[in-house]
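Participant: Next up is a structure, given as structure tokens.
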Amino acid sequence: MNNLIESWLIKLCLMVGLNNKKNKATILNFHRVMSNRDIFYSDALELNLFRKKMLLLVKHFNVVSLSEAIKLMEAGELPPYSVVVTIDDGYQDCYTTITPVLDELGIKGAFFVATEGIELGGLWKDRVVETIRNTNKQTINSLLDLKSVAINTIDEKKAAIALICKKLKYLTIEAREHQIDMLCAELGLVELTELFLTRENLQAMHTAGMEIGAHTHKHPILQVETIECAVREIKMSKEILEEIIGSKVEHFAFPNGKYGLDYDCRHLKILGNLGFNSGLSTNWGVLTDISEQRFNMPRFTPWDKSGLLFSLRLLNNFRNKDDG
């Protein structure tokens, strides 16, 4: 579709929906954005598509930082069609690819970082991906309850990674690390390099006005851990990041992020006790009530490649049962 026609149609839809109440926000959630395609990270967003979506936001919506959204909502002054951009995990492309686009367009994004990645160069899933990617072995024979898993071709390796990560995700930290150590022992140890943000990257992003938030240390599913472990994971991530950027870390995003499955009301209380100002889920929805949703904010990400469909789906997210 012609860009001019697409822009006109989006503006028309915005005009039709001008009765949209203020003091509502859609928080968008992204993960990896890559300028070069990596077949083992096929769910990463292409740079050109990410930039196109950010341009649409700046042109047609009110893009605000997470802290601004909270402050304006508390004052009852958040403008209609307010949008917040957030990015989870903390990979190197947050600095090399995402921040330059946001900085160019004047967007202050919120980056939620799982801090073990800063120390090790990646997270637990990366150990699985890079170990299987780089091995010359043709099968995996000693992991979990799996029988022999073929990894001779690229497609077989991708299927094995998806299967193994799915099984490892909901294990406790201790059990998961044990299984990954076994995998590395069988296939050969691989060093993780240049996959994750460095301390210097984070300092530069903070200086550029990006918000840095906590995302636990080892990226566990908090629901399967003890409360003591959950407190330790959240607190450690917060303290490491505060030491790196020299400022208070006020925002937190739950790993995986489905309320009731990955965390519950006990974990919301932890955030308040540790002095956070917000907690973010991956449950779809729109932020409408900061007093009720402060530590359980919904996030929504239209997946469409078409600019018009992306915008229409985003517009539709602002509707809720109170709109009539």
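Participant: Match the structure shown to one of the listed values [x] 17; [y] 21; [z] 29 of percent of Cα pairs over 36 Å apart, computed from it, and give that label.
Facilitator: Correct label, based on the coordinates given: [y].
Participant: Now for a different question. Under the 0.36 nm per residue contour assumption, what length would be gained going from the current alpha-carbon distance of R313 and N48 to full extension? Before the final figure, lay out the partial values.
Facilitator: Working: separation 265, 0.36 × 265 = 95.40 nm, distance 1.96 nm.
Gain in length upon complete extension: 93.4 nm.
Participant: Filter the DSSP H helices in the chain by two things, a Kyte-Doolittle mean of at least -1.0 and an axial alpha-carbon span of 18 angstrom or more, and list the hits by number. Numbers along the way, then the final one.
Facilitator: Working: long enough: 3-16 (20 Å, 1.44); 47-60 (20 Å, 0.36); 154-169 (22 Å, 0.16); 173-187 (21 Å, -0.04); 227-245 (27 Å, 0.32).
Span-like helices in the chain: 3-16, 47-60, 154-169, 173-187, 227-245.
Participant: Work out the FRET efficiency for I154 and K258 from their Cβ-Cβ distance, taking R0 = 51 Å, and round it to the nearest 0.05. List each step's numbers first, then the result.
Facilitator: Working: r = 31 Å, r/R0 = 0.60.
For R0 = 51 Å, the calculated efficiency reads 0.95.
Participant: Give the residue from V113, F300, F252 lying farthest towards the positive end of the charge dipole for the chain; charges sit on Cβ (+1 for Lys and Arg, -1 for Asp and Glu) and the dipole is referred to the Cα centre.
Facilitator: It is F300, whose Cα lies furthest towards the positive end.
Participant: In nanometres, what is the gap between the two model label sites at I39 and T198, each 7 Å from Cα along Cα-to-Cβ?
Facilitator: Calculated label separation equals 3.0 nm.
Participant: Assuming 0.36 nm per residue, please report the length gained on full extension of the stretch V58 to K166 beyond their Cα-Cα distance.
Facilitator: The V58-K166 span can extend by a further 35.3 nm.
Participant: Report the full-extension gain for the segment L120 to L144: residue separation times 0.36 nm, less the Cα-Cα distance, to one decimal in nm. Don't skip to the end; give the middle numbers.
Facilitator: Working: separation 24, 0.36 × 24 = 8.64 nm, distance 2.38 nm.
Residue separation times 0.36 nm, minus the Cα-Cα distance, leaves 6.3 nm.
Participant: Whole Å is fine, so just give me how far the alpha carbon centre of the range 260-319 lies from that of the range 118-158.
Facilitator: 33 Å
Participant: Amide H of F30 versus every other amide H placed in the peptide plane: which residues, excluding those fewer than 5 positions away on the same chain, fall under 5 Å?
Facilitator: Placed amide hydrogens put T86, I87, D88 under 5 Å from F30.
Participant: So which residue, out of T207, T301, T99, gets the largest mean-square fluctuation from a GNM of the chain using Cα contacts under 10 Å as springs?
Facilitator: Its mean-square fluctuation being the largest, the pick is T207.
Participant: Can you say what percent of the DSSP beta bridges in the chain, counting only those with both residues inside, are antiparallel? Round to 5. List each step's numbers first, then the result.
Facilitator: On the way: 4 of 28 bridges.
Expressed as a percentage, antiparallel bridges in the chain total about 15.
Participant: Hey, got the dipole for the chain? About the Cα centre, +1 on K and R Cβ, -1 on D and E Cβ, debye to the nearest 20? Mind dumping the intermediate values first?
Facilitator: On the way: 38 positive and 41 negative charges, 209 e Å.
Using Cβ point charges on Lys, Arg, Asp and Glu, the chain gives about 1000 debye.
Each reported figure results from applying straightforward, stated rules to the coordinates on display, with no laboratory input. Everything numeric in this text was worked out from a predicted model, so none of it was measured. In this analysis, Cβ positions are derived from the backbone assuming ideal geometry, glycine residues included, and neighbour counts consider all displayed protein chains.
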